[in-house]
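Visitor: Would you mind keeping the following structure in view while I ask a few things?
The values are calculated or read from the model by the stated rules, or taken from the named source; none is laboratory data. All of these numbers come straight from a predicted model, not from anything done at the bench. In this analysis, Cβ positions are derived from the backbone assuming ideal geometry, glycine residues included, and neighbour counts consider all displayed protein chains.
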Amino acid sequence: MTKKVQAIRGMHDILPRDSGLWRFLEDTLRDVLTRYGYREIRMPVVEMTDLFKRSIGEVTDIVEKEMYTFEDRNGDSLTLRPEGTAGCVRAGIEHGLLHNQVQRLWYQGPMFRHERPQKGRYRQFYQVGVEAFGLAGPDIDLEMILVTHRCWQQLGLTDLELQLNTLGSGEERVAYRDALVGYFRAHEEGLDEDSRRRLDSNPLRILDTKNPDMAELVASAPSVMDYLGEESRRHFESLCKGLEANGVAYTLNPHLVRGLDYYSRTVFEWVTDRLGAQGTVCAGGRYDGLVEQLGGRSTPAVGFAVGLERLIALLEEAGAADRLPGIDAYLVLAGEPAQQQGMRMAEQLRARLPALRLLTHCGGGGFKSQFKKADRSGARYALILGDDELQRGVVGVKFLREKLEQREIPADRLADFLASLN
């Protein structure tokens with residue numbers, strides 16, 4: 001018996017019953033970003049492995065454990081992208097988009113990490129990423145967060161909390177890192193195995209531990225605020241004032257550090273308690289050193305990424321799929337002359353009414369079976385064209401969702417009548 005072919009664990013299909021909600025989400029995000037003046041960029045899903053080692057950091061969980069890395073036929077080490085920022089920076093450097101320029105860019109597509117699959121976390125997952133280059137002030141940090149806030153408003157999502165922190169400049173972050181190492185070294189007996197491993201490689205991630213036994217130890221750790229210089233402090237205070245002026249509530253989270261090495265100064269996350277352990281739906285921050293780190297000239301930068309699967313889960317919970325527009329009309333055709341004329345009529349209606357969602361029956365069958373299919377399609381009404389209607393120059397309109405009497409409309413006035421229904 002031939003073995004059944006199935007999708008790879010952690011990689012899932014998006015079926016037609018779900019794709020409408022995905023399209024609504026993607027279109028909404030695209031519309032908001034376009035209104036703010038951001039332009040789309042598209043990068044390959046495969047990059048040189050060294051790109052991610054240099055950007056994310058060789059001693060991060062992503063690089064050490066989670067990347068899909070392989071050698072191609074030339075012996076080059078390639079990796080399926082685990083995140084989008086590094087590839088966007090690489091493209092900007094390669095094509096001369098960054099030096100002495102301001103760029104506001106966005107992208108979308110699949111990312112890949114070999115993690116343990118669970119609700120809201122997959123090995124192939126989808127993100128919309130947004131990046132701004134060439135702007136160093138807190139105003140662009142503010143705009144980034146306002147963009148995300150506008151997205152939630154447009155999607156009708158209300159139960160999201162903004163968590164905010166700063167990591168200071170690169171030099172301040174190093175000083176803070178040294179202070180954390182000293183503190184945790186003095187309390188090493190209270191660290192779990194994962195935190196002991198991170199102590200030398202990425203001590204800031206210890207602050208992000210989910211181990212409740214370490215909560216008190218982490219709460220007493222040094223605060224990054226004590227290591228900020230005057231400029232970093234002003235930057236962060238200006239951002240906070242801007243959020244307050246725009247009515248965007250936020251919570252200061254001194255343990256918010258983000259998992260990637262390239263972040264500095266502003267970091268933020270939008271979180272929810274409605275998705276269990278996978279509560280972060282959007283995360284980002286400033287990464288002023290990354291362009292230079294990858295071979296470009298020093299360029300300030302800030303960005304964020306939105307996890308689409310998690311937003312889909314929130315939209316499903318809110319019943320958003322029930323509010324999506326469905327099929328407007330199902331064209332019922334009986335008889336060969338009506339079949340031929342009906343196809344022509346359907347094309348004329350689509351040309352006259354670009355927003356009309358019209359499903360034309362194919363496959364033959366009588367009126368009764370076609371009406372059953374029309375009802376199952378979810379269409380609001382059926383358009384009826386048989387030999388009798390064709391001879392009299394009319395089209396029947398049967399309302400499937402409303403208690404309205406069936407109508408007959410002259411064929412030459414059908415487009416105007418349908419326009420009045422929408």
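Visitor: Given the structure, is Ala301 in contact (Cβ under 8 Å) with a residue 40 or more places away in the chain and crowded, with 21+ Cβ neighbours inside 10 Å? Explain how you work it out, then say what you get.
Guide: Numbers: in contact (Cβ under 8 Å) with a residue 40 or more places away in the chain: yes; crowded, with 21+ Cβ neighbours inside 10 Å: yes.
Against the criterion (in contact (Cβ under 8 Å) with a residue 40 or more places away in the chain and crowded, with 21+ Cβ neighbours inside 10 Å), Ala301 qualifies.
Visitor: Can you tell me which residues in segment 322-336 are under 29 Å from Phe24 (Cβ atoms) and surrounded by 14 or more Cβ atoms within 10 Å (Cβ to Cβ)?
Guide: Once the filter is applied, which keeps residues that are under 29 Å from Phe24 (Cβ atoms) and surrounded by 14 or more Cβ atoms within 10 Å (Cβ to Cβ), segment 322-336 yields Ile327, Asp328, Ala329, Tyr330, Leu331, Val332.
Visitor: Here is a follow-up. Does segment 104-142 hold any residues that are closer than 14 Å to Arg310 by Cβ, in a strand (DSSP E or B) and either polar (S, T, N, Q) or in contact with a helix residue (DSSP H, G or I) (Cβ under 7 Å, 6 or more places away or on another chain) (or both), and which are they?
Guide: Once the filter is applied, which keeps residues that are closer than 14 Å to Arg310 by Cβ, in a strand (DSSP E or B) and either polar (S, T, N, Q) or in contact with a helix residue (DSSP H, G or I) (Cβ under 7 Å, 6 or more places away or on another chain) (or both), segment 104-142 yields Gln118, Phe125, Tyr126, Gln127, Val128.
Visitor: If you check every pair at least six apart or on different chains, which have Cβ atoms under 9 Å apart with a residue in segment 346-363 that is over 13 Å from Leu333 (Cα atoms) and touching a residue at least 60 places away in the same chain (Cβ under 8 Å) first and a residue that is assigned to a helix (DSSP H, G or I) and of a type in the set (D, E, K, R) second?
Guide: Close Cβ pairs (under 9 Å, with a partner that is assigned to a helix (DSSP H, G or I) and of a type in the set (D, E, K, R)) amount to Arg352/Asp416; Leu356/Arg350.
Visitor: Failed condition for Ala221, given (1) part of a helix (DSSP H, G or I); (2) farther than 23 Å from Cys151 by Cβ; (3) of a type in the set (A, V, I, L, M), with all others met?
Guide: (1)
Visitor: Are there any pairs with C-beta distances below 7 angstrom linking a residue in segment 15-32 that is in contact (Cβ under 8 Å) with a residue 24 or more places away in the chain to a residue that is part of a helix (DSSP H, G or I) and of a type in the set (Val, Ile, Thr), with the two at least 6 apart or on different chains, and if so which?
Guide: Taking only residues 6 or more apart or on different chains, the pairs are Leu21/Ile312; Trp22/Ile312; Leu25/Ile312; Val32/Val147.
Visitor: Look at Arg113 and say whether it is touching a Phe, Trp or Tyr at 6+ places or on another chain (Cβ under 8 Å), touching a residue at least 12 places away in the same chain (Cβ under 8 Å), surrounded by 14 or more Cβ atoms within 10 Å (Cβ to Cβ) and over 19 Å from Ile41 (Cα atoms).
Guide: Taking the combined requirement at face value, the residue satisfies it.
Visitor: Of the residues that make up segment 337-358, is at least one under 30 Å from Asp322 (Cβ atoms), surrounded by 12 or more Cβ atoms within 10 Å (Cβ to Cβ) and touching a Phe, Trp or Tyr at 6+ places or on another chain (Cβ under 7 Å)?
Guide: No, segment 337-358 has no match at all.
Visitor: Separate question: Quick check on this structure: which one of Val63, Val45, Val89, Val102 is more than 25 Å from Ala132 (Cβ to Cβ) and either buried (at least 18 other Cβ atoms within 10 Å of the Cβ) or assigned by TED's automatic domain parsing to the domain that holds Gln124 (or both)?
Guide: The match here is Val63.
Visitor: Considering only segment 157-166, I want to know if a residue exists there that is on the phi > 0 side of the Ramachandran plot and in contact (Cβ under 8 Å) with a residue 40 or more places away in the chain.
Guide: Taking every residue of segment 157-166 in turn, none turns out to be on the phi > 0 side of the Ramachandran plot and in contact (Cβ under 8 Å) with a residue 40 or more places away in the chain.
Visitor: Just the residues that are assigned to a helix (DSSP H, G or I) and of a type outside the set (Gly, Ala, Ser), please, taken from segment 209-218. Reasoning before the result, please.
Guide: Just the residues of segment 209-218 that are assigned to a helix (DSSP H, G or I), to begin with: 212-218.
The answer is Pro212, Asp213, Met214, Glu216, Leu217, Val218.
Visitor: On to the next question. I need the full set of residues from segment 148-187 which are under 32 Å from the mean Cα position of the chain (by Cα) and β-branched (Val, Ile, Thr), in order please.
Guide: Thr148, Thr158, Thr166, Val174
Visitor: Go through segment 149-208 and give me each residue that's among the β-branched types (Val, Ile, Thr) and assigned to a strand (DSSP E or B).
Guide: Selection gives Thr166 alone.
Visitor: Then there's this: Just for strands (runs of 3 or more DSSP E) wholly inside segment 364-414: which have at least 2 residues that are over 23 Å from Asp322 (Cα atoms) and hydrophobic (A, V, I, L, M, F, W, C)?
Guide: Working: elements: 381-385, 394-399, 407-410.
Correct list: 381-385, 394-399.
Visitor: Only residues that are surrounded by 15 or more Cβ atoms within 10 Å (Cβ to Cβ), of a type outside the set (Ser, Thr, Tyr) and assigned to a helix (DSSP H, G or I): list them for segment 27-42, please.
Guide: Residues satisfying the conditions are Leu29, Arg30, Val32, Leu33.
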